[in-house]
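Colleague: Below is one structure. I have some questions about it.
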Amino acid sequence: MIITVFNNKGGVGKTTMTINLAAALNQLGKQVLLIDIDAQANLTTGLGIDPLEDIESQGKKDITHLLTEPRTTLEETVVKKQWKNVQLNIVPSHIRLSNMEAELIQIIDSDRLLVKKLKNHNYDFILIDPPPSFGKVNSISLMASSAILIPTQLSSYPVRALEYVIERLNKVAELKEQPLAVLGIAVSMYDKKSSNFNLSMSERLFNILERSGVSNKIELFPESTWIPRLNIVSKCPDKGYPLSEAEFDDNLTYPDKEAAQQAIECYAKLAEHIIEITEKK
Ligand SMILES: Nc1ncnc2c1ncn2[C@@H]1O[C@H](COP(=O)(O)OP(=O)(O)O)[C@@H](O)[C@H]1O
Ligand SMILES: [Mg+2]
């Protein structure tokens with residue numbers, strides 16, 4: 001299953017969710033590959049890989065090579081990271097990707113660049129983290145995917161932006177030979193205390209699904225899978241590991257570790273839900 005985690009609204013917690021969902025899937029026994037196809041390389045650095053020091057200076061290849069060099073294979077670009085609880089495979093990104101749009105557009109059949117490279121892969125799940133835009137790189141990711149996961153925050157602008165996300169997905173789906181399944185909408189940075197606000201935002205979200213004619217096709221995931229807003233969740237990327245490793249960090253306080261555990265349980269629920277849906281599809 002190749003999933004693009006997609007939302008053109010930046011800052012909704014997409015990269016953070018991608019990392020910790022991947023870790024949760026691995027803890028449930030799945031082999032997971034993460035593809036960082038955002039020039040910001042937040043996913044790469046959030047997993048402790050420095051695109052310059054650990055990849056470029058060592059003569060290794062990253063996403064830019066995978067996209068532009070026909071002979072570069074997927075496995076040549078994969079970095080394997082083993083932590084105590086989790087093992088993840090990562091195709092790192094590089095800031096260079098930011099000025100490659102023109103070059104990518106010129107390549108014949110550029111939308112299918114990644115499709116070809118992902119053929120015959122051996123992973124249970126591939127999660128792709130594209131930039132928050134509707135540019136070339138996003139088309140390349142969506143064309144290579146069999147499914148989409150839409151992360152959102154339950155707040156005004158991110159919810160409103162969903163209208164455009166759905167519009168875009170409908171357009172891409174028309175161009176694809178294989179169907180593009182939408183797994184559903186996953187909530188990040190959720191504040192349990194604002195229950196009235198959450199309720200009104202979910203209602204607004206349902207209205208948008210209704211208006212876009214997709215209310216029977218796109219589900220808002222159940223509340224048990226919603227990821228709470230917790231400081232520890234935003235601390236881990238600076239430390240270069242997924243949340244699942246927080247328990248082994250002697251520099252974290254006991255409350256931090258407890259909060260990490262709370263978030264991990266939500267990611268586990270999210271992972272279980274996604275496994276269940278993908279098995280059905
Ligand atoms: N569950 C969460 N709790 C607290 N902060 C979060 C959570 N998820 C994401 N963040 C923070 O929100 C900001 C945006 O998250 P990020 O994953 O980079 O979003 P995106 O990839 O959509 O731009 C980051 O500073 C991140 O640390
Ligand atoms: Mg991001």
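Colleague: Dipole of the chain (Lys/Arg Cβ +1, Asp/Glu Cβ -1, origin at the Cα centre): which of T73, P130, C236 lies farthest to the positive side?
Modeller: It is P130, whose Cα lies furthest towards the positive end.
Colleague: Which length gain, in nm to one decimal place, applies between N216 and D54 when the Cα-Cα distance is subtracted from 0.36 nm times their residue separation?
Modeller: Working: separation 162, 0.36 × 162 = 58.32 nm, distance 4.55 nm.
Length gained between N216 and D54: 53.8 nm.
Colleague: So for segment 104-244, averaging the separation of alpha carbon pairs under 8 Å that are six or more residues apart and normalising by length, what relative contact order in percent results? Write down the numbers at each step before the final one.
Modeller: Values: 140 pairs, mean separation 31.6, N = 141.
Over segment 104-244, the number comes to 22 percent.
Colleague: Still on this structure, I have one more. Using a ≥ b ≥ c from the Cα gyration tensor of segment 2-280 (square roots of the eigenvalues), is it rounded, prolate or oblate, where a/c under 1.5 gives rounded and otherwise the larger of a/b and b/c decides, a/b for prolate? Could the numbers behind the result be given before it?
Modeller: Working: a/c = 1.73, a/b = 1.10, b/c = 1.58.
The shape class here is oblate.
Colleague: Taking every DSSP beta bridge that has both residues in the chain, what percent is antiparallel when rounded to the nearest 5? Don't jump to the answer; show the numbers that get you there.
Modeller: Values: 4 of 27 bridges.
Taking every DSSP beta bridge with both residues in the chain, the antiparallel ones total about 15 percent.
Colleague: Oh, and also: May I ask you to rank R71, R160, R211, R204 by accessible area, largest first, using a 1.4 Å probe over the protein chains only? Before the final figure, lay out the partial values.
Modeller: Numbers: R71 215, R160 125, R211 165, R204 100 Å².
The most accessible residue leads, giving R71, R211, R160, R204.
Colleague: Skip the ligands, DNA and RNA, and give the accessible area per residue of segment 162-229 with a 1.4 Å probe, whole Å². Mind dumping the intermediate values first?
Modeller: Values: 4010 Å² over 68 residues.
So segment 162-229 comes to 59 Å² accessible per residue, rounded to a whole number.
Colleague: Shifting gears a bit: In straight Cα distance, which lysines are under 20 Å from K239, not counting same-chain residues fewer than 8 positions off?
Modeller: Hits, sequence-local ones excluded: K14, K80, K81, K84, K257.
Colleague: Another question about this same structure. Given charges of +1 on the Cβ of Lys and Arg and -1 on the Cβ of Asp and Glu, with all other atoms neutral, how large is the dipole of segment 2-280 about its Cα centre, in debye to the nearest 20? Don't skip to the end; give the middle numbers.
Modeller: Working: 30 positive and 36 negative charges, 98 e Å.
Charge dipole of segment 2-280: 480 debye, to the nearest 20.
Colleague: Can you tell me the length gained on complete extension of the stretch K30 to Q106, counting 0.36 nm per residue apart and subtracting the Cα distance?
Modeller: Numbers: separation 76, 0.36 × 76 = 27.36 nm, distance 3.66 nm.
Result for the pair: 23.7 nm of gain on full extension.
Colleague: Now a separate question. Ignoring ligands, DNA and RNA, what percent of the accessible area of the chain is carbon or sulfur (1.4 Å)? Show your work: numbers first, answer last.
Modeller: Working: 6310 of 13200 Å².
Accessible surface attributable to carbon and sulfur in the chain totals 48 percent.
Colleague: Give the residue list of GluC sites (Glu not before Pro) in segment 175-217 that are DSSP loop and have at most 13 other beta-carbon atoms within 10 angstrom. Please list the in-between numbers first.
Modeller: On the way: sites: E177, E203, E210; in loops: E177.
Passing both the DSSP loop test and the Cβ count: E177.
Colleague: If you build a Gaussian network model of the chain, linking Cα atoms that sit under 10 Å apart, which residue out of I108, I19, I90 swings the most?
Modeller: Highest fluctuation among the options: I108.
Colleague: For a protection proxy built on the mean count of beta-carbon atoms within 10 angstrom, sort 29-37, 255-263, 92-100 highest first, please.
Modeller: Values: 29-37: 21.9, 255-263: 16.8, 92-100: 18.3.
Top to bottom by mean Cβ count within 10 Å: 29-37, 92-100, 255-263.
The values are calculated or read from the model by the stated rules, or taken from the named source; none is laboratory data. Here the structure is a predicted model, which means the values were calculated and not measured. Because the Cβ atoms are built from the backbone with ideal geometry, glycine has one as well, and the counts that use them run over all protein chains shown. The accessibility values were calculated without ligands, DNA or RNA, using every heavy atom of the protein model including side chains. Shrake-Rupley method; radii C 1.70, N 1.55, O 1.52, S 1.80 Å.
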